[in-house]
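Here's the structure, in structure tokens; my notes come after.
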Amino acid sequence: MSAEPALMSLVAVAKAIATREVSSREVTRACLHRIAEWQPRLNAFMAIEAEAALAAADAADTALAGGNSRGPLHGVPLAHKDMYYDAGHVVTCGSLIRRDFVATTTSTALQRLKDAGTIRLGSLQMVEFAYGPTGHNVHYGAVRNPWNVDHITGGSSSGSGSAVAARLTFAALGSDTGGSIRMPAHFCGVTGLKTTVGRVSRAGAMPLSQSLDTVGPLAQSAEDCALLLGLMAGADPEDPTASTLPVPDYMAATRGSLKGLKIGVPTAFYVDDLDSEVARVLDETMATLKKEGAEIVKVELPDQRQLTAACQLVLATEAAALHKRWMIERPQDYGAQVLMRLQNGLAIPAVTYLEAMRWRGPALAAFLAAVAGTDAMLVPVAPIPAATIAESDVGNSLNAEAVIQRITRFTRPINYLGLPALSIPCGFTKNGLPVGLQLVGRSFDEAMLLRIGAAFQRATDYHQRVPKAA
Amino acid sequence: MTKPSPKEIKAMTDVAGVPATPEVAERIANSIGPAFEGFAPVAGTLPFDLEPASFLLVQTAKVST
């Protein structure tokens, strides 16, 4: 067991509580101690519920002492992006508009984690209505990167990335509509899983774009993500878009090796205009994967810029439609940047939106044909490491829009195709900022990504490094 | 496919019931222009009987075992 329980992985701490090596109260107190230490600098939490968390931990310990375990995450304290409805709790969605919104239902993903025994630490900061890639939030302040607090966390799951990296929570739910799990994972040095569209129920999760929204975890490791996905995935009567396909044993998948696997690396687009340190990390990662038994093969993809454009058209239109009532009634309550993004969707003709939706099937078929014969594709999450908060602040930096366009370039095509992608920490820059790469898989083949990610993490220690308090 | 002009965007936002000022319409035109340009090679080329649900067919047909 780690000397500090909060530094343990999710899988390790769940086992330690189950075997009563450590109590839920000790673990919860350790998390709360780190939260108290880091929160003033990171702004990662929206709400901290220390007393309720300790009371729930005590109840979990009492139940376990009586031989009653609720499930594989019994007594594990977690916090999640503040967009998952949790009955009786305020769910702000990072917004002023929902500052006082009290949920009357609990999201399916969250309920399944509760049913597995988790307890609530509080809620995590996010970009307003999950509509922004940097982590800025004019209402509640920017979330800061624990590796360097002058730098962005990425968004929109900004608090999730920051809190997991600083070991304030063992894992956190995020959501990924245009890169919102993978970017914080990349910039903050944690593991993040964007699931296939339909793999995890979205019932009770704040919507941004019904066609693109996905629910997924951020955690220390691929193994942790596998544990969480196995608990959350599967059909849900509350969400008819949730797939009825069987849920594989993701934990078993993480025990597989890389031997015999083919990993594709594109010849263009995802390798163009990379920051030299991201390029170096990509080369080093390919070398490690080869050393562990994988074969690296070149793949030639269809034009990915068209996928990016189609993603933008679908996302902007659906977001505008969802927010139209508040855009009419409460425009003053939006942050300026989020309102501007929402307004963009008003100018997309219905025919153009439907063309973008109709093209999705052929575009996915063409992509899958291009990567046929490979088990996954390896590409950067973004061409650069975390930018500074100042240079990516749209309100105050002339360069900000260029930064935003650059950091979303490699994530949006994957959202349009609805594919799963696992972002894993793969190295650090000279200045100590993490660099993540994403493994992209076939639809509903999260198991393969988790297998590759776990094997890579057995051969490296980037995912185990912890930022130091200043 | 051409991207909408600020004047056209002004009319569209009026019809949508969320009117934009001329300045906002100009900003929207600049912001969404690249998406229209990027999608231009696809727009107007899709077969007649292609429907959005074909995405689900492709998605489930390609499940790895």
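Before moving on, here are some points about what is shown:
- One residue alone among A:Arg112, A:Arg182 is touching a Phe, Trp or Tyr at 6+ places or on another chain (Cβ under 9 Å) and basic (Lys, Arg), and that residue is A:Arg182.
- Considering the conditions (1) closer than 27 Å to A:Leu168 by Cα; (2) more than 14 Å from every other protein chain (Cβ to nearest Cβ); (3) crowded, with 17+ Cβ neighbours inside 10 Å; (4) not hydrophobic (A, V, I, L, M, F, W, C), A:Gly432 is excluded by exactly one of them, (3).
- Where A:Gly373 falls short, out of the listed (1) touching a Leu at 6+ places or on another chain (Cβ under 6 Å); (2) on the phi > 0 side of the Ramachandran plot; (3) not aliphatic (A, V, I, L, M): (1)
- The residues on offer are A:Gly141, A:Gly122, and the sole one that is more than 19 Å from A:Pro434 (Cα to Cα), at pLDDT 95 or above and either touching a helix residue (DSSP H, G or I) at 6+ places or on another chain (Cβ under 6 Å) or part of a strand (DSSP E or B) (or both) is A:Gly122.
- Of all the residues in region A:342-369, those that are under 15 Å from B:Ala20 (Cβ atoms) and at the interface with chain B (Cβ under 8 Å from one of its Cβ atoms) number 5.
- Qualifying residue in region A:443-454 (condition: of a type in the set (D, E, K, R), under 18 Å from the mean Cα position of the chain (by Cα), within 11 Å of another protein chain (Cβ to nearest Cβ) and farther than 30 Å from A:Met8 by Cα): no
- Answer from B:Met12, B:Met1 - the residue that is more than 7 Å from chain A (Cβ to nearest Cβ) and either surrounded by 13 or more Cβ atoms within 10 Å (Cβ to Cβ) or at pLDDT 95 or above (or both): B:Met1
- Region A:300-341, residues that are within 30 Å of A:Ile263 (Cα to Cα) and out of contact with any Pro (no Cβ under 9 Å at 6 or more places or on another chain): A:Pro302, A:Val314, A:Leu315
- Looking across region A:400-429, the residues that are aliphatic (A, V, I, L, M) and surrounded by fewer than 24 Cβ atoms within 10 Å (Cβ to Cβ) come down to A:Ala400, A:Ala402, A:Val403, A:Ile404.
- Residues satisfying the stated conditions in region A:408-428, i.e. within 15 Å of the chain's Cα centre (by Cα) and aliphatic (A, V, I, L, M): A:Ile414, A:Leu419, A:Ala421, A:Leu422, A:Ile424
- Residue check for A:Ala336: over 13 Å from B:Thr13 (Cβ atoms), aliphatic (A, V, I, L, M) and facing chain B (nearest Cβ under 10 Å): no
- The sole residue among A:Ala372, A:Ala321, A:Ala279, A:Ala316 that is away from every other protein chain (no Cβ under 13 Å), among the small types (Gly, Ala, Ser) and without any contact (Cβ under 8 Å) to a residue 40 or more places away in the chain is A:Ala279.
- Subset of region B:28-49 that is under 10 Å from the mean Cα position of the chain (by Cα) and of a type in the set (A, V, I, L, M) - its residue that is farthest from the other protein chains (Cβ to nearest Cβ): B:Ala40
- Residue match in region A:329-349 (condition: without any contact (Cβ under 8 Å) to a residue 24 or more places away in the chain, surrounded by fewer than 22 Cβ atoms within 10 Å (Cβ to Cβ) and charged (D, E, K, R)): yes
- Selection of region A:231-290 for residues being aromatic (Phe, Trp, Tyr) and closer than 19 Å to A:Ser221 by Cβ yields only A:Tyr250.
- When each of A:Asp224, A:Asp213 is tested for being in a helix (DSSP H, G or I) and either away from every other protein chain (no Cβ under 14 Å) or surrounded by fewer than 24 Cβ atoms within 10 Å (Cβ to Cβ) (or both), the lone residue that passes is A:Asp224.
The values are calculated or read from the model by the stated rules, or taken from the named source; none is laboratory data. None of these values were measured; they are calculated from a predicted model. Because the Cβ atoms are built from the backbone with ideal geometry, glycine has one as well, and the counts that use them run over all protein chains shown.
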